[in-house]
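Visitor: This is the structure I have questions about; it appears just below.
The values are calculated or read from the model by the stated rules, or taken from the named source; none is laboratory data. Predicted model, so just to flag it, every value in this text is computed and none were measured. Cβ: placed from backbone, ideal geometry, glycine included. Neighbour counts: every protein chain shown. Calculation scope for accessible area: heavy atoms of the full protein, side chains included, ligands and nucleic acids excluded. Shrake-Rupley method; radii C 1.70, N 1.55, O 1.52, S 1.80 Å.
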Amino acid sequence: MKSVQMSKSDSDSNMDDNMISHVDSDNEEFDCDNRRIPLEHLPMFQRLASVNGKINRMKRRQLINIMNNKKLNTDGEIDVLKKRLKNHYRMQALIKAKICESEATYFPYFVVIDIEATCTENNPADYKFEIIEFPAVLVDAKKRKIVDHFQAFVKPKINPKLSEFCIKLTGITQDQIDKADSFELCLKRFNKWLEEHELGIKHRFSIVTDGPFDMARFLYGQCIMSEIPYPKFATRWINIRKVFRSFYFTKQVKHTVLCNLNAMLTFLDMQFEGNPHSGLDDSFNIARICLRLLEDGAFIDQNERIISLKTPTPYGKDDPLPVRPVHNIFCDGMHSHRNRWLVPQMKTLNLNDGI
């Protein structure tokens, strides 16, 4: 793993169009501190807050009756049912406010990335992790299916010879690495793949990862070592573990629940498909979890962002991660800020009427 900071490069104008050379500084805290709900959306969020309160007081039978009428999935514990119904009303409100295009998600496409990097059996504290596999799986959230994938092996420069441990763990061979392109060329190919799908041009999309490390250690560190700007598409992303915990578990227990890839699959009664620690296979399995969350009614939105460290030390496993949480009002609602925007009484809402 590796932590990382930005570098500037004038290498290629095509790449510069898709890259960003600066990000938020590490003296910033949460995004929500300086954000406010737009006045035109305030009544919608107040009505949603009222709906959420009513749903919180419902018994299981009431929830199931309403969800059956709306043809929603009624599987799961009562807390999951409540979240699913709340998300349904939230999505209806976002669509009506023209914030979302459809009932699928705020992002119509997800690009799932699980990077593999050089490693040894016992990595020293200053070990320089280099990307050796850069895979991506494209998920169409509207159609609820995987539609394409990308894979590139990458030739490392600092540690060009893979350790036996790394070969055994990832299944990547020395021959594949010797024949691979540099990271700079692989990133250009990935940007071209995004363009072919009109992602970031015609279609909104978000990166999805299993944890913060793929973006905040591997990609961030590799950009420093390769002396290129950090890519704009990766400044914010979805950590699927956070979405999973928040959706399936209560606040009291969610931070105590083991939440790695295999644990999430086991919880959902799903089996890992492919070879563990193959970046592409890991990405496919994360995509399956993403699809299951959508089917179960979760609202999947960005929850982490990159920052620029003042004194970057991008190589060590114990270096601080350049990452901060993201709070999104369209996903999380009003929270403790609601009293700041109180307006005269809003009409009460009948749950059967919709938002």
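Visitor: For a quick check of your reading of the filter: which trypsin sites (Lys or Arg not before Pro) in the range 80-160 sit in a DSSP loop and have no more than 16 other Cβ atoms within 10 Å?
Guide: LYS98, LYS142, LYS143, ARG144, LYS157
Visitor: Okay, next question. Filter LYS157/LYS192; LYS54/LYS96; LYS157/LYS202 down to the pairs with a C-alpha to C-alpha distance above 28 Å, please. Write down the numbers at each step before the final one.
Guide: Working: LYS157/LYS192 23 Å; LYS54/LYS96 21 Å; LYS157/LYS202 36 Å.
Listed pairs above 28 Å: LYS157/LYS202.
Visitor: Can you list residues whose amide H is under 5 Å from SER163's amide H, if they're 5+ apart or on another chain and H is modeled 1.01 Å from N?
Guide: So SER163 has HN proximity to CYS119.
Visitor: Let me spell out the model: positive unit charges on the Cβ of Lys and Arg, negative unit charges on the Cβ of Asp and Glu, origin at the Cα centre of the range 140-299. What dipole size does that give, in debye rounded to 20?
Guide: For this selection, approximately 580 debye.
Visitor: List the residues, sorted by chain then number, that are 5 or more residues from ALA152 or on another chain and whose placed amide H is less than 5 Å from its amide H.
Guide: Counting only residues 5 or more places away or on other chains, the set is PHE134.
Visitor: With every protein chain present, what is the per residue accessible area of the range 158-197 (1.4 Å probe, Å²)? Please report the intermediate quantities before stating the final value.
Guide: Values: 2290 Å² over 40 residues.
Accessible area per residue, the range 158-197: 57 Å².
Visitor: Past the 28 Å Cα-Cα mark, which pairs from LYS59/LYS142; LYS161/LYS242; LYS143/LYS242?
Guide: Values: LYS59/LYS142 31 Å; LYS161/LYS242 35 Å; LYS143/LYS242 23 Å.
Among LYS59/LYS142; LYS161/LYS242; LYS143/LYS242, the Cα-Cα distance tops 28 Å for LYS59/LYS142; LYS161/LYS242.
Visitor: Can you pull a Stokes-Einstein diffusion coefficient for the range 180-276 at 4 °C (1.567 mPa s), Rh from Kirkwood over Cα pairs, as a whole number of µm²/s?
Guide: Value of D from the Cα-based Kirkwood radius: 82 µm²/s.
Visitor: If each residue of separation counts as 0.36 nm, what is the full-extension length gain between ASN275 and ASN56 once their alpha-carbon separation is subtracted?
Guide: Numbers: separation 219, 0.36 × 219 = 78.84 nm, distance 4.16 nm.
Contour length minus Cα-Cα distance gives 74.7 nm.
Visitor: Still on this model: Work out the charge dipole of the range 207-247 with +1 on the Cβ of Lys and Arg and -1 on the Cβ of Asp and Glu about the Cα centre, then indicate which of PRO231, GLY211, SER246 is farthest towards its positive end.
Guide: Working it through, the farthest residue towards the positive pole turns out to be SER246.
Visitor: Let me ask something else. Just report the Cα centroid separation between the range 68-92 and the range 192-248, whole Å.
Guide: Taking the Cα centre of each part, the range 68-92 and the range 192-248 sit 29 Å apart.
Visitor: Collect residues whose amide H, placed 1.01 Å from N in the peptide plane, falls under 5 Å from the amide H of VAL208; neighbours closer than 5 in sequence don't count.
Guide: VAL111, VAL112, ILE113, ILE238
Visitor: Round to a whole number: what % of the accessible area of the range 111-190 belongs to carbon and sulfur, probe 1.4 Å?
Guide: In the range 111-190, the share of accessible area belonging to carbon and sulfur is 51 percent.
Visitor: Let me spell out the model: positive unit charges on the Cβ of Lys and Arg, negative unit charges on the Cβ of Asp and Glu, origin at the Cα centre of the range 136-220. What dipole size does that give, in debye rounded to 20?
Guide: That gives a dipole near 200 debye.
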